[in-house]
Amino acid sequence: LQALKTQQQENQIKKQWLLIIAIVFILGLAFSLMYVVYSQFKFKKMANQELELKNRAMRNINKELDKKNKSVSDSINYAQRIQETIMPTQIQLQKLFPKSFIFYKAKDVVSGDFPWIWSSNGSSDMICVSAVDCTWHGVPGAMMSMIGYFLLNEIVNDRNIHTPSEILNHLHEGIKQTLRQEENLESKDGMDIAFCSIHKELMEVQFAGAHRPILWLHKGEITEIKGNRFPIGGVQYSNKGREIKFTNHTLKLAKGDSIYFYSDGLIDQLGGEHGKRFKNDKVKKIIVENQDKSMQELHNIFKEEFIRWMGSTKQLDDVLMLGIKV
């Protein structure tokens, strides 16, 4: 009995120790879990604080970017207003040629394409009209357009030069001098242009072009008169020994004839079902198929056809087209 009692006491003590060990283990596990949870909470709190600091910094950066973007946007929009104020409009062209249009679609807010119109002493006897396509578009193109616009004013107004080929020769030299291209041989900035001097009384058009043609609709048939295959500005051709002298073309118009000239932004636009270029042939086809329509209707047709052709494709360049019927 004494041995049994001793055995029972030992078993009781063993159970108590096991219970104590279990309790200590559970308490240790609980404390470990609490430590892990606390560490995670502390880490998450620190991470949230860092994230909040980063978010605050990003909000400040975004505010600064928004301010700068607004400043840039306001500047470009103001530049657009200046450009639109200076450049001729369709209303001005229609005062000289009631049957005419200007189709214009800038790639960005401001444009490197612009029309240029001049008439002798406010008279309609001698009228100069051109479509100018400067290198680049957007802000750089707009800056080039200002240079080209005022150089043309000086050549035609101040120097009293009215022959298209001579005007382009002087414009070429003016661009080279203005941009100091003889010193900076890497500079190839300049412009393509289709330039016409129109004598309404004589029913005659003189034309010269730099990389740009003129289309002449005469008695139902269309003829393309191509310009020279070199641009206005740059020394890349003269460095190869080629003389930059533009060719003058003379067209004798009949009543009802029309002429068209445009920048390459129109014909180079990708689109349609197969992502191809708009091309010259499509322009000619539209003109011939709609020759009985008014010039305003033709303007709308070109605008709608260009937008339809472009579809969801990004506009690649500025677009400018002028049409005049005599």
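Near residue 279: Cβ cut-off under 10 Å, other residues only, Lys/Arg at +1 and Asp/Glu at -1. The net charge is +3.
Global dimensions of the stretch 152-276 from alpha-carbon coordinates: Rg and Dmax equal 16.5, 50 Å.
With the convex hull constructed from alpha-carbon coordinates only, the stretch 28-183 shows a mean projected area of 16.8 nm² over all directions. Each of (i) 73, 49, 42; (ii) 146, 48, 39; (iii) 64, 36, 35 is a candidate for Cα extents along the principal axes in Å; the one calculated from this structure is (ii).
Under a Gaussian network description of the chain, with springs only between Cα atoms under 10 Å, the residue in 151, 215, 251 that fluctuates furthest is 251. With a ≥ b ≥ c the root eigenvalues of the C-alpha gyration tensor of the stretch 234-283, is it rounded (a/c under 1.5), prolate (a/b larger than b/c) or oblate? It is oblate, given that a/c is not under 1.5 and a/b is not larger than b/c. When the Gaussian network model of the chain links Cα atoms closer than 10 Å, the mean-square fluctuations of 224, 173, 243 top out at 243. Across all Cα atoms of the stretch 40-114, the radius of gyration (one decimal) and Dmax (whole number) stand at 24.6, 80 Å.
In the chain, the portion of solvent-accessible area held by carbon and sulfur atoms comes to 56 percent [1.4 Å probe, whole percent, DNA, RNA and ligands not counted]. If you take the Cα atoms of the stretch 265-326, find Rg, then find the Kirkwood Rh from the mean of 1/r over all pairs, what is Rg/Rh? My calculation of the ratio gives 0.97. What the Kirkwood sum gives for the stretch 223-326 is a hydrodynamic radius of 16.0 Å, with every pair of different alpha carbons counted.
Surface analysis of the chain yields an accessible area of 59 Å² per residue, using protein heavy atoms and a 1.4 Å probe. Rounded to the nearest Hz, the phi-derived 3J(HN,Hα) couplings of the stretch 26-40 under the Karplus curve 6.51 cos²θ - 1.76 cosθ + 1.60 (θ = phi - 60°) are 5, 5, x, 5, 5, 5, 4, 4, 4, 5, 4, 4, 5, 4, 5, where x marks glycine and proline. Couplings 3J(HN,Hα) for the stretch 49-59, derived from phi with the Karplus relation 6.51 cos²θ - 1.76 cosθ + 1.60 (θ = phi - 60°), are 5, 5, 4, 5, 5, 5, 4, 5, 5, 5, 4 Hz, where x marks Gly and Pro. Grab the other residues whose beta carbon is less than 12 angstrom from that of residue 253, score K and R as +1, D and E as -1, and report the net. That works out to +2. Looking at the chain, the DSSP beta bridges with both ends there are about 95 percent antiparallel. Which one of 195, 150, 114 has the biggest mean-square fluctuation once the chain is modelled by GNM with Cα springs under 10 Å? In the Gaussian network model the winner is 150.
Spatially, the stretch 35-93 and the stretch 160-203 are offset by 43 Å when compared through their Cα centroids. The equivalent ellipsoid of the stretch 163-208 has semi-axes of 30, 9, 6 Å, largest first, where each one is the square root of 5 times an eigenvalue of the Cα gyration tensor. For the stretch 303-314, 3J(HN,Hα) computed residue by residue from phi via the Karplus equation (6.51, -1.76, 1.60; θ = phi - 60°) reads 4, 5, 5, 5, 5, 5, 4, 5, x, 8, 6, 5 Hz, glycine and proline entered as x. Treating each Cα of the stretch 92-211 as an identical point scatterer and summing with the Debye formula, the log10 of I(q)/I(0) at q = 0.16, 0.20 Å⁻¹ comes to -0.78, -1.16. Charged neighbours of residue 46, selected by a Cβ distance under 13 Å, balance to +2 (K, R count +1; D, E count -1).
The values are calculated or read from the model by the stated rules, or taken from the named source; none is laboratory data. All values reported here derive from a predicted model rather than from experimental measurement. Cβ: placed from backbone, ideal geometry, glycine included. Neighbour counts: every protein chain shown. What goes into the accessible areas is simple: the full protein's heavy atoms, side chains included, and nothing from ligands, DNA or RNA. Shrake-Rupley method; radii C 1.70, N 1.55, O 1.52, S 1.80 Å.
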